[in-house]
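To keep things clear, I will list the structure first and then write my remarks on it.
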């Protein structure tokens, strides 16, 4: 039985051993105290589903007070501050300010509003005038008030701008409302008239808004007004139906419209009024002690997002209105939480094209995603109502829907998500928790660095199972993961091996030896999973790979990564295993995600190259549509199996952070997914994670040629010497700009896309003349690529390569050719004749010279080999004579047998020497026509057989098989038997010389009627086609490294050729390198008949 905490942890206390009864009572007391302390350690948990990301202002934002935020048609974000306007591309800011004595600068640095008209001009409202900026040329035109010009602005202090849907530009000043006339480049004024109720209630215009009906709403320092373009009349609205005209309550700051058509009106100090324009009724919202009220009555921003949510910016924080409950959810800065609102003084709210909401405050900018439904559980040190630790290690939801969370500090957290109650539980050792598992009895099994704890929820007691001297204890105390199989057996993965524990019997089974015998060298068991077939899949933590384990037979198969096999697993370090509805296994490793087809035993790999957000994968969970969701060191990725593509989410989407932890992933019965990381826990339902479908746009924003900026257009023409240029570009996606990536190419220069990671520039140098197309595309942090943006670049040819230049070159060439032609034609006739003669002579000399060189080479090789053939037997004879003389000098008698051997050596080599000399003499006689053969009738079959048999011992002594296979038993022909015998001997000797041991020589004799054919065929090294043409020539030999050590005098085959020719026969060779050779002699039956 595994010893529990009562036996293992307190046997030695304070240096004093305690007896068993005292020990038992002490432990009971400790347990009681722990239970009491645990029950008292509880707090109210908070679910947060909005995480803010702070926009970097250190990259050049002119001032932290973001009074207005706006996105133009190209995707730039414009930020108006009290110290200038800033154009932001996600990488850097470009600032526009007032410059003394520079008319191409703003009229003032205090920018209150920004809009863009239908012509692409950017209009910037300042405290000292209105500015129209042409974004391409960056030319600025100023508009100010002129008391002598009624068509100028009512006042230079401009507070508000509105570009209506019909394209008109409305300007709100401190002295009236103006409408811009584009045709006359002037303004039409609308002012308050105390005697006319159809005029503005006040000339101090604070804000402008257009509703869905096209009505213009005007906020003033004293009341709300609307302008109906149809009847061109103003209507006044006040805080209540009595029209008390209280200026303090009627100081209108912001206006917006909700999805029901209600007009929301923010005031300076009296909260919000929601006006039902169809019923003519008001609803007021003010700050109170109710936490669901707005945090401040000073309203500075109102905005309705694309989902219909109304957002309220106040001096006390940001609020979101819930139309169902008629309550507000407030978001405020938390000094300890970098993902909270950057500051509570909210002055502007804006939603860009991607759906990202920007919150401008007086101390910076925050952004967040309103459509991502991630819930987060984190540590809340200020209020004490969160997790006990930021580092999460293990997640489990029990049958009572209580969420259990393990932490790095060792505390076990339980969260009642209905009541929001959080409880903390501590074991005796406060051991770091690696993972959590629950059984059917309601126990929580806690894997820690000090062993395995069983936590009883009913008694709130811990029981420890660890490694002891008892053989029935765990293999190692560092327990990484536990898994309960279908049979109820608890499988325990430790740092030093795999165990199983049957709690009903108390038996622990160790599997180290079984695994080791099957070739598993890695003792670190990191994960275990039972598939639908009942097969266990074991993951090794270091380099052991994936293991298939059949419990019944103990059969084991190992799957490991192979560099040469793309269908193997990406890494041998396994982090998690899961199974989809089709029976495929999904394996998380420290280098990518893998899908394993059990039938084919093949892996499909998915890494960062395929769109995975990060290669280090901790956990994998499958949604109801078989799509795997994986946690990594860079966020969470969902793989869409239908599209075969990844969608990724990170901290900017509302997750607890980008980095997650191992064993911190869990899917509940309801389908909710949980992933834990370094900043807490994130949960979500996959079906509620909406994909906006937003495809970002890549903008080519700047082109510099020779370090000078040029104006961009669809086609740019450059001079020949302007071939050094640089492009800058940006992706219109501000969610997480640090993770935006780019790929570009210059068609005509780059063969493929150049992937530049987060670098948003491309440089090209020394580009040749021609037409090129620069293309660039971007990928956002979710893994979505934009369509390529492109611009055509034409580098002109230099003057000396222009068409006119080539025409001039041609004319000059023609003139020169004309003069030269006359002179050359005269000389040509004189030279031509002599040239022909010299060429003919030269060709003759070249042929003769080539023949001479070839003959000299052949002769040199011949004489070298001949000297070797003569020298070898002479050396043997001389050696034998020397040995005999030495015996005689030593006055020793030579035995008869010994003397006979020496004499045989001398005789054999003398005959060999004589044969070479005879071959030389006979060859010379034949060439001189002085050699005669003696023709007589001979049985050629018998002659060839006897000759071949006489060489059998010699051939077989070299390990070569000799086969004699005549077609007929007898064939009479007229020939010189001695010369034919010499031919056969030469061919057999030649075959034996160039056939390796184990080879074969075949002698064939065929009756052809009036002739006979003798064939000597070997399996030797063969002869190339080139050398086959020279082997019968005198002095001709094969010059090859493979045969150089086997060369002879080179006379043998020449002599054979001559002797066969004397018999009016033919000799030929058939051979291929390394496939052997066949020499064929064809002799007429009676050569004298052919004469």
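Of all the strands (runs of 3 or more DSSP E) wholly in segment 317-394, which have at least 1 residues that are farther than 24 Å from residue 433 by Cβ?
Numbers: elements: 317-322, 327-331, 346-351, 357-361, 364-368, 375-377.
Output list reads 317-322, 327-331, 346-351, 357-361, 364-368.
In the set 342, 310, which member is under 38 Å from the mean Cα position of the chain (by Cα), surrounded by 18 or more Cβ atoms within 10 Å (Cβ to Cβ) and within 17 Å of residue 368 (Cα to Cα)? Break it down into steps so the answer makes sense when it comes.
Working: 310 fails: under 38 Å from the mean Cα position of the chain (by Cα).
Step by step, each of 342, 310 is checked, and only 342 is under 38 Å from the mean Cα position of the chain (by Cα), surrounded by 18 or more Cβ atoms within 10 Å (Cβ to Cβ) and within 17 Å of residue 368 (Cα to Cα).
Looking only at segment 177-188, which residues are farther than 16 Å from residue 207 by Cα and surrounded by fewer than 21 Cβ atoms within 10 Å (Cβ to Cβ)? Explain how you work it out, then say what you get.
Looking only at segment 177-188, we keep the residues that are farther than 16 Å from residue 207 by Cα, and these are 180-188.
If the condition is that a residue be farther than 16 Å from residue 207 by Cα and surrounded by fewer than 21 Cβ atoms within 10 Å (Cβ to Cβ), then 181, 182, 183, 184, 185, 186, 188 are the ones that fit.
Take segment 156-179 and flag every residue that is out of contact with any strand residue (DSSP E or B) (no Cβ under 6 Å at 6 or more places or on another chain) and under 16 Å from residue 255 (Cα atoms).
none
Tell me the strands (runs of 3 or more DSSP E) entirely within segment 414-515 that contain at least 2 residues that are in contact with a strand residue (DSSP E or B) (Cβ under 8 Å, 6 or more places away or on another chain), without any contact (Cβ under 8 Å) to a residue 60 or more places away in the chain and over 24 Å from residue 619 (Cβ atoms).
Working: elements: 421-426, 433-438, 444-448, 451-456, 461-465, 479-484, 490-494, 497-502, 507-510.
The strands (runs of 3 or more DSSP E) meeting that bar are 507-510.
May I ask you to list the residues in segment 685-700 that are at pLDDT 90 or above and under 19 Å from residue 730 (Cα atoms)?
695, 696, 697, 698, 699, 700
Out of curiosity, is residue 744 at pLDDT 95 or above and over 30 Å from residue 639 (Cα atoms)? Talk me through it step by step, then tell me what you get.
Working: at pLDDT 95 or above: yes; over 30 Å from residue 639 (Cα atoms): no.
No.
Inspect all residues belonging to segment 463-470 and state whether any of them is touching a helix residue (DSSP H, G or I) at 6+ places or on another chain (Cβ under 7 Å), crowded, with 18+ Cβ neighbours inside 10 Å and within 28 Å of residue 554 (Cβ to Cβ).
Yes, because at least one residue in segment 463-470 is touching a helix residue (DSSP H, G or I) at 6+ places or on another chain (Cβ under 7 Å), crowded, with 18+ Cβ neighbours inside 10 Å and within 28 Å of residue 554 (Cβ to Cβ).
Under 7 Å between Cβ atoms, at least 6 apart or on separate chains: pull out the pairs that start in segment 910-925 with a residue that is outside the structural domain of residue 983 (by TED's automatic domain parsing) and end on any residue that is modelled with pLDDT under 70 and not in a helix (DSSP H, G or I).
Cβ pairs passing all conditions: 916/1049; 919/1051; 920/1051; 923/1034; 923/1051.
Checking residue 973 against (1) in a loop (DSSP other than H, G, I, E, B); (2) touching a helix residue (DSSP H, G or I) at 6+ places or on another chain (Cβ under 9 Å); (3) modelled with pLDDT of 85 or more, which single condition isn't satisfied?
(1)
Got at least one residue in segment 701-723 being more than 18 Å from residue 794 (Cα to Cα), surrounded by 12 or more Cβ atoms within 10 Å (Cβ to Cβ) and either out of contact with any helix residue (DSSP H, G or I) (no Cβ under 9 Å at 6 or more places or on another chain) or modelled with pLDDT under 95 (or both)?
yes
In segment 756-790, how many are at negative phi, more than 20 Å from the chain's Cα centre (by Cα) and assigned to a loop (DSSP other than H, G, I, E, B)? Quick ask: steps written out before the conclusion?
Within segment 756-790, the first condition is being at negative phi, and the residues that meet it are 756, 758-765, 767-769, 771-782, 784-790.
Subsequent filtering for residues that are more than 20 Å from the chain's Cα centre (by Cα) retains 761-765, 767-769, 771-775, 789-790.
Of the ones still in play, those that are also assigned to a loop (DSSP other than H, G, I, E, B) are 765, 767-769.
Of the residues in segment 756-790, 4 are at negative phi, more than 20 Å from the chain's Cα centre (by Cα) and assigned to a loop (DSSP other than H, G, I, E, B).
Here is a yes/no grid of residues against (1) part of a strand (DSSP E or B); (2) closer than 30 Å to residue 764 by Cβ; (3) out of contact with any strand residue (DSSP E or B) (no Cβ under 9 Å at 6 or more places or on another chain):
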residue	(1), (2), (3)
639	yes, no, no
674	yes, no, no
717	yes, yes, no
723	no, yes, no
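Please tell me if residue 735 is within 30 Å of residue 639 (Cα to Cα), surrounded by 14 or more Cβ atoms within 10 Å (Cβ to Cβ) and modelled with pLDDT under 95.
On the way: within 30 Å of residue 639 (Cα to Cα): yes; surrounded by 14 or more Cβ atoms within 10 Å (Cβ to Cβ): yes; modelled with pLDDT under 95: yes.
When the stated conditions are applied, residue 735 passes them.
Out of segment 232-250, which residues are at pLDDT 80 or above and out of contact with any strand residue (DSSP E or B) (no Cβ under 6 Å at 6 or more places or on another chain)? Full working, then the answer.
From segment 232-250, those at pLDDT 80 or above are 232-237, 250; that's our starting set.
Within segment 232-250, 232, 233 qualify.
Considering segment 1065-1084 alone, what residues qualify as being surrounded by fewer than 17 Cβ atoms within 10 Å (Cβ to Cβ) and either in a loop (DSSP other than H, G, I, E, B) or at pLDDT below 90 (or both)?
1072, 1073, 1074, 1075
Please state which of the following conditions residue 34 fails to meet, knowing it meets all the rest: (1) at pLDDT 95 or above; (2) buried (at least 17 other Cβ atoms within 10 Å of the Cβ).
The number of the failed condition is (1).
Run down 1031, 1001 and say which single residue is at pLDDT 65 or above, part of a loop (DSSP other than H, G, I, E, B) and surrounded by 16 or more Cβ atoms within 10 Å (Cβ to Cβ). Step through it out loud before you land on a result.
Values: 1001 fails: part of a loop (DSSP other than H, G, I, E, B).
Selected residue: 1031, the only one of 1031, 1001 that is at pLDDT 65 or above, part of a loop (DSSP other than H, G, I, E, B) and surrounded by 16 or more Cβ atoms within 10 Å (Cβ to Cβ).
Residues are listed down the side, and each one gets a yes or a no for (1) in a loop (DSSP other than H, G, I, E, B); (2) closer than 24 Å to residue 390 by Cβ; (3) in contact with a strand residue (DSSP E or B) (Cβ under 6 Å, 6 or more places away or on another chain):
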site: 626; (1), (2), (3): yes, no, no
site: 630; (1), (2), (3): no, yes, yes
site: 657; (1), (2), (3): yes, yes, yes
site: 681; (1), (2), (3): no, yes, yes
site: 694; (1), (2), (3): yes, no, no
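Take the residues in segment 594-633 that are touching a residue at least 60 places away in the same chain (Cβ under 8 Å) and crowded, with 19+ Cβ neighbours inside 10 Å, then tell me which one is nearest to residue 781 (Cα to Cα).
The qualifying residue nearest to residue 781 (Cα to Cα) is 613.
Hey, can you tell me all the residues within segment 536-550 that are assigned to a loop (DSSP other than H, G, I, E, B) and either buried (at least 20 other Cβ atoms within 10 Å of the Cβ) or in contact with a strand residue (DSSP E or B) (Cβ under 6 Å, 6 or more places away or on another chain) (or both)? Write out each step before concluding.
Taking segment 536-550 first, the residues assigned to a loop (DSSP other than H, G, I, E, B) are 541-545, 550.
Residues satisfying the conditions are 541, 544, 545.
Among 820, 816, 794, which is in contact (Cβ under 8 Å) with a residue 24 or more places away in the chain and surrounded by 10 or more Cβ atoms within 10 Å (Cβ to Cβ)? I'd like the intermediate steps shown before the answer.
Working: 820 fails: in contact (Cβ under 8 Å) with a residue 24 or more places away in the chain; 816 fails: in contact (Cβ under 8 Å) with a residue 24 or more places away in the chain.
Answer to the selection: 794.
List the number of the failed condition for residue 266; all other conditions in (1) outside any strand (DSSP E or B); (2) at pLDDT 95 or above hold.
Answer for residue 266: the failing condition is (1).
Looking at this structure, is residue 90 in a loop (DSSP other than H, G, I, E, B), touching a helix residue (DSSP H, G or I) at 6+ places or on another chain (Cβ under 8 Å), buried (at least 20 other Cβ atoms within 10 Å of the Cβ) and at pLDDT 85 or above?
Numbers: in a loop (DSSP other than H, G, I, E, B): yes; touching a helix residue (DSSP H, G or I) at 6+ places or on another chain (Cβ under 8 Å): yes; buried (at least 20 other Cβ atoms within 10 Å of the Cβ): yes; at pLDDT 85 or above: yes.
So residue 90 passes the test.
Got at least one residue in segment 884-904 being closer than 30 Å to residue 1065 by Cβ and at pLDDT below 75?
First pass over segment 884-904, keeping only residues closer than 30 Å to residue 1065 by Cβ: none.
No, every residue in segment 884-904 fails to be closer than 30 Å to residue 1065 by Cβ and at pLDDT below 75.
Which count do you get for residues in segment 922-956 that are closer than 18 Å to residue 986 by Cα and in a strand (DSSP E or B)?
Matching residues across segment 922-956 total 0.
The values are calculated or read from the model by the stated rules, or taken from the named source; none is laboratory data. Keep in mind that this is a model prediction, so the values were computed, not measured. Note that we place each Cβ from the backbone using ideal geometry, even for glycine, and neighbour counts take in every protein chain shown.
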